[in-house]
Amino acid sequence: LDEKLLRADRLSLIGQMAAGTAHEIRNPLTAIRGFLQLLLPSLEGKGLEQEANYVRLILKEVDRIGSLIDQFLLLGKPREVNYKKIDPLDVLRELLPVIESETLLRDTELVLSLPDSLPPVIADPDLLKQVFLNVVRNALEAMERGGTLTISAEYDPEKRQIHFAFADTGPGIPPYLLDRIFDPFFTTKPEGTGLGLSVCQRLLQDIGGNIRLTSKGRGTTAHIYLPTVGGA
Ligand code: ADP
Ligand code: MG
């Protein structure tokens, strides 16, 4: 319990920091990105390949800061949240082109096992999209070429909740790390932010949902639970 309180404390501190500074960082970052991109054509193919490479490297690092800031903004929830009654399958379907292209790019197989329809949930579609994307990216980042990502969903009428499962064939998560993966900034990746799962947890808790990761030796499954509204 103490652990949980500590984590909540740290999260809200990060949230406050984020609300205060993320936008201030986002704007100059956008300007830096724009000017770097203007610079690139005047270097490329003009005997300045080395310099062009430096600029590309800077762009890549700028983008890393950018995605860190985006996660911060989500943790801080400073923008208006747009809760409404939505079909979570619609959110997933809208994401499918992105997921398909990322799996293709990584030589990974995508298997879908989705029902034709699900009862509605109350959520912000953009935020739910972010949750799905974060777990998909984790799954893809965990797998070597040739892995399989399986996305399934089902409705549990007794618990009145929807269960999404994102299962990968990656190396899995050792039991001693399972407790820590939701800690803000906990990452095992050289270029990770360690914020993806914290963001998922925060966003889902806000709508009465939940996220859990399970791993049995090989492979990992991210379970996402969403409470449904109305009858059905
Ligand atoms: P990041 O992806 O930036 O590292 P996350 O919060 O998204 O941050 O994930 C935290 C950590 O949880 C990862 O660094 C990784 O160790 C572990 N993890 C999450 N998803 C998976 C997965 N599908 N397979 C293996 N490890 C995972
Ligand atoms: Mg991640």
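Data for the structure
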{"item": "19 Å Cα cut-off, lysine pairs counted over the chain (separation 8 or more, or different chains)", "result": "5"}
{"item": "Label point distance in nm, GLU49-ASP90, each placed 7 Å from Cα along Cα→Cβ", "result": "5.1"}
{"item": "Two-site FRET efficiency, ASP116 against ASN82, from Cβ-Cβ distance with R₀ of 25 Å, rounded to 0.05", "result": "0.45"}
{"item": "Stretch in the chain that is longest and holds no GluC sites (Glu not before Pro) that DSSP places in a loop and that have at most 10 other beta carbons within 10 Å", "result": "1-79"}
{"item": "Environment charge of GLY170, counting only residues whose C-beta is closer than 10 Å and scoring Lys/Arg +1, Asp/Glu -1", "result": "-2"}
{"item": "Gain in span if fully extended, GLN205 to ASP63, counting 0.36 nm per residue against the direct Cα distance", "result": "48.3 nm"}
{"item": "Cα centroid separation - region 208-232 against region 30-51, whole Å", "result": "45"}
{"item": "Sum of side-chain charges, LEU43 neighbourhood, beta-carbon under 11 Å (Lys, Arg +1; Asp, Glu -1)", "result": "-1"}
{"item": "Three-way shape call for region 188-227 based on the alpha-carbon gyration tensor, with the a/c threshold at 1.5", "result": "oblate"}
{"item": "Sites THR187 and GLU154 - FRET efficiency at Förster radius 25 Å, r taken between beta-carbons, to 0.05", "result": "0.25"}
{"item": "Neighbourhood net charge (13 Å Cβ-Cβ; Lys/Arg +1, Asp/Glu -1) for THR108", "result": "-4"}
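Quick note: the coordinates plus some simple rules give every number you see, no bench work behind them. Model, not experiment: these values are computed from the prediction. Every residue, glycine as well, gets a Cβ built from its backbone with ideal geometry; the counts of neighbours run over all protein chains shown.
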